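To keep things clear, I will list the structure first and then write my remarks on it.
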Amino acid sequence: MVDLYKKYYLDSETIKEILQNGIVVFDTSALLDLYYYSSETRNEIFNKAFNYLKGRLWIPAQVYFEYLKNKSKVSEKPILSYERLLTKQSKDGGYVNSIVDKTKMLQGQSLGEIKNQLKTLKEQTLGTDKHPYLSPDVYAEYESVLSVVENQLTDFSTKTADFQTRIQKEIEKKITELQSDLLPDNVNNAIESSFQIGKEYSFSKMMEIAREGSFRYSEEIPPGYEDGKEKTGLQKYGDLFVWNQILDCAKSKQKDFIFVTNDVKIDWYEEDKRTPRFELLKEFREQANKRIWLLSMKNFIYHVNLLLDDQIHENVLQDIDSVQDEKENDKIRKELSADDIQKIFNNLIVKPIYVIDKIPKNESIRLFDNPDIYEAEDENGRKFRIITTIVGGGNYARVLHGMTNAFELKKLYETGNEHYWYYNFIIAKNEALVEKIMEHMGKTKVRKLFADHSIQTAVCYLNEDQNINIAKANFDI
């Protein structure tokens with residue numbers, strides 16, 4: 001009797017078998033992500049994984065077209081991330097220049113103001129023939145300390161300038177290394193030398209698929225229907241063109257396929273983001289009479305590494321994980337709005353607090369993991385600041401960052417004599433991460449911050465519907 005489950009859902013041994021003998025296809029997201037990895041990671045992938053699969057790597061013409069269309073924009077992003085350290089771009093960055101500017105202000109304006117105030121104070125109090133009169137001795141020790149501070153600030157200013165020079169040189173070195181990777185474009189060269197590229201579709205063929213796609217998308221039959229909500233014209237059917245070209249290749253080559261994609265949307269994967277949609281497995285089997293499985297880049301590297309004599313370094317998986325986490329976190333941040341934060345108060349905390357809008361971050365403070373800040377107030381006019389930090393991984397540093405961001409922001413506001421009430425929401429991107437986060441809640445520094453009720457903190461998570469739930473809070477809900 002045929003095991004209908006195993007016919008479609010493949011185990012590790014079957015995936016291993018396909019990697020040994022079948023065809024491996026990359027989609028656009030997997031190719032473009034190569035630009036985000038370190039040069040060491042890319043070289044490990046090119047020299048080991050790609051070399052092992054030599055002659056069996058293939059990309060559809062639609063993937064190659066999308067890659068060529070987007071590669072320049074993507075490949076420049078790592079360079080911009082270094083430039084942003086020096087110079088402010090949009091509402092973020094410029095940390096080095098800000099440090100230098102603040103040092104100059106500290107040495108010039110702030111110290112100058114203290115000296116001027118002290119001079120005026122002495123002029124007002126040293127006349128022996130009138131009140132107020134103070135003995136010159138009262139100033140002696142403070143003037144001595146002020147002189148020391150002035151000398152120290154001069155030295156500090158010199159060291160800050162040296163620091164600026166050193167860090168500029170280091171950043172220029174990194175940018176030069178990245179540019180040497182781009183010119184020549186090592187990623188593009190690796191793709192063109194390692195992958196066979198399929199034939200492009202004619203316009204009439206694309207229109208034929210689009211007509212079928214219109215029905216598929218209306219019934220949410222994968223792949224690609226999520227793009228139907230965001231794109232127009234034939235662009236919305238890009239994933240469907242890719243899928244059809246894979247089916248055509250499989251029918252022609254009569255091989256099993258592994259499809260490497262970092263596009264983990266619901267129109268490719270089940271809700272677990274690991275299992276391919278059944279409709280895809282079924283259609284592939286019927287059309288080509290062969291098997292297919294989808295793997296993220298991380299899972300692809302993990303499985304192919306088991307077959308290599310010269311194994312890929314473990315840092316590669318960490319690098320891939322870090323890039324994917326940051327991309328997912330950025331996506332969540334962009335999708336979260338003031339309305340989503342308002343729902344927390346309406347549905348979970350049930351307090352009459354009204355979220356007004358997201359506000360820009362102050363450039364003079366270093367916050368971790370790019371949190372968002374919202375202004376709000378309650379029915380009595382009390383003003384609030386709400387900090388949200390997306391946690392994409394369960395490591396200790398991410399949890400600590402989520403805790404400290406709110407306290408750093410509070411400290412900054414109070415320095416400027418601004419006083420608010422605070423809520424701090426540490427939001428795990430899925431419920432599975434909550435258990436890992438809770439493991440760190442008992443560690444001394446995190447525990448102390450969580451116990452500080454001057455900031456009302458909640459550990460939250462996004463459920464399957466992308467709504468925010470609260471797992472634990474240091475206040476009553």
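Things worth noting here:
- Failed condition for Tyr461, given (1) within 27 Å of Gln324 (Cβ to Cβ); (2) free of Cβ contacts under 8 Å to residues at least 40 places away in the same chain; (3) among the hydroxyl-bearing types (Ser, Thr, Tyr); (4) out of contact with any Lys or Arg (no Cβ under 8 Å at 6 or more places or on another chain): (4)
- Taken over region 338-386, residues that are on the phi < 0 side of the Ramachandran plot, in contact with a helix residue (DSSP H, G or I) (Cβ under 7 Å, 6 or more places away or on another chain), outside any strand (DSSP E or B) and of a type outside the set (Gly, Ala, Ser) amount to 8.
- In the set Gln152, Gln109, only one residue is open to solvent by 80 Å² or more (accessible area, probe 1.4 Å), farther than 26 Å from Leu31 by Cβ, assigned to a helix (DSSP H, G or I) and at pLDDT below 75; that residue is Gln109.
- Count of residues meeting criterion [touching a Phe, Trp or Tyr at 6+ places or on another chain (Cβ under 8 Å) and in contact (Cβ under 8 Å) with a residue 60 or more places away in the chain] in region 390-422: 0
- Region 227-243, subset at pLDDT 90 or above and of a type in the set (D, E, K, R), residue surrounded by the fewest Cβ atoms within 10 Å (Cβ to Cβ): Lys236
- Residue that is most open to solvent (accessible area, probe 1.4 Å) [pool: residues in region 285-300 that are closer than 17 Å to Asp263 by Cβ and part of a helix (DSSP H, G or I)]: Lys298
- Filtered by the rule that a residue be in contact (Cβ under 8 Å) with a residue 24 or more places away in the chain, open to solvent by 70 Å² or more (accessible area, probe 1.4 Å) and under 21 Å from Lys429 (Cβ atoms), region 249-283 gives Glu271, Arg274.
- Count of region 213-226 residues which are surrounded by fewer than 20 Cβ atoms within 10 Å (Cβ to Cβ), assigned to a loop (DSSP other than H, G, I, E, B) and either without any contact (Cβ under 8 Å) to a residue 24 or more places away in the chain or not aliphatic (A, V, I, L, M) (or both): 2
- Number of the condition not met by Glu377 [criteria: (1) among the acidic types (Asp, Glu); (2) farther than 24 Å from Asn474 by Cα; (3) in contact with a Phe, Trp or Tyr (Cβ under 9 Å, 6 or more places away or on another chain)]: (2)
- In region 317-340, the residues that are over 23 Å from Asn463 (Cβ atoms) form Cβ pairs under 6 Å with partners that are open to solvent by 50 Å² or more (accessible area, probe 1.4 Å) and aromatic (Phe, Trp, Tyr), at six or more places apart or across chains, as follows: Val323/Tyr36.
- Each residue in region 438-477 was checked for being charged (D, E, K, R), open to solvent by 80 Å² or more (accessible area, probe 1.4 Å) and either within 14 Å of Lys343 (Cβ to Cβ) or assigned to a loop (DSSP other than H, G, I, E, B) (or both), and 4 pass.
- Condition check for Ile341: more than 26 Å from Val96 (Cβ to Cβ), surrounded by 15 or more Cβ atoms within 10 Å (Cβ to Cβ) and out of contact with any strand residue (DSSP E or B) (no Cβ under 9 Å at 6 or more places or on another chain): no
- Listed by first and then second residue, the pairs with beta-carbon distance under 6 Å, at least 6 apart or on different chains, first residue in region 237-248 and without any contact (Cβ under 8 Å) to a residue 24 or more places away in the chain, second among the basic types (Lys, Arg) and surrounded by fewer than 23 Cβ atoms within 10 Å (Cβ to Cβ), form an empty list.
- Looking only at residues in region 387-437 that are open to solvent by less than 10 Å² (accessible area, probe 1.4 Å), in a helix (DSSP H, G or I) and of a type in the set (Gly, Ala, Ser), the one that is modelled with the highest pLDDT is Ala406.
The values are calculated or read from the model by the stated rules, or taken from the named source; none is laboratory data. This structure is a prediction, so every number in the text was calculated from the model and none was measured. FYI the Cβ positions are ideal-geometry reconstructions off the backbone, even for glycines, and counts take in every protein chain you see. Surface areas here come from the heavy atoms of the whole protein model, side chains and all, with no ligands, DNA or RNA. Shrake-Rupley method; radii C 1.70, N 1.55, O 1.52, S 1.80 Å.
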